[in-house]
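Read-outs: derived from the displayed coordinates by stated rules, not from any lab. This is a predicted model, so every value here is computed, not measured. In this analysis, Cβ positions are derived from the backbone assuming ideal geometry, glycine residues included, and neighbour counts consider all displayed protein chains.
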């Protein structure tokens with residue numbers, strides 16, 4: 001390779017690296033200035049405490065109030081798997097009304113816990129994606145749009161500022177994933193980013209399952 005071509009190649013690589021470093025620095029400054037790092041830190045603290053509380057509460061409740069394993073076994077015998085999945089999917093689509101931990105604990109009592117856990121994680125993920133499109137569709141209804149914009153003004157503002165990172169936080173932490181996706185749809189955030197970052201929802205279910213399965217027999 002001629003010396004001038006080699007020099008040009010090296011200079012191009014250096015220029016690309018410099019531009020990339022500058023972009024990362026600008027991004028870092030932006031997130032620092034807008035309070036994103038503090039938001040993540042506060043969310044992590046909020047995520048850790050509920051997880052500990054859930055585990056301790058389950059242990060105490062199981063020991064002094066009611067045998068959780070018997071209750072989950074009764075739940076398994078009373079309700080069909082299909083009806084539980086439908087209930088869970090509905091909840092995960094409509095603002096996450098029922099804590100997923102209840103259903104995660106239920107899977108441990110089934111004959112195929114890891115398969116059912118995988119189905120739950122998939123339904124939660126799909127519920128979030130559906131919530132995204134519901135958010136888009138709701139903009140066509142003036143009354144709904146006004147209500148959501150008033151009730152979730154802060155969340156809408158954060159989604160506009162932080163985009164995919166907020167979807168990731170909603171997928172991983174005990175914040176309603178459906179709300180993050182709903183607001184993303186309302187601001188017409190790219191569906192591709194929601195679909196990709198929403199995949200971290202599966203990691204969230206795996207982490208919580210490790211904790212809950214250690215309590216449930």
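In this structure, residue 64 and residue 111 have a Cβ-Cβ separation that, at R0 = 35 Å, corresponds to a calculated FRET efficiency of about 0.75. If R0 equals 30 Å, the separation of the Cβ atoms of residue 118 and residue 56 corresponds to a calculated FRET efficiency of about 0.65. Take 196-202, 126-132, 180-186 and order them by the average number of nearby Cβ atoms within 10 Å per residue, most first; the result is 180-186, 126-132, 196-202.
Label separation (residue 211 vs residue 81): 2.7 nm, computed from points 7 Å beyond Cα along the C-beta direction.
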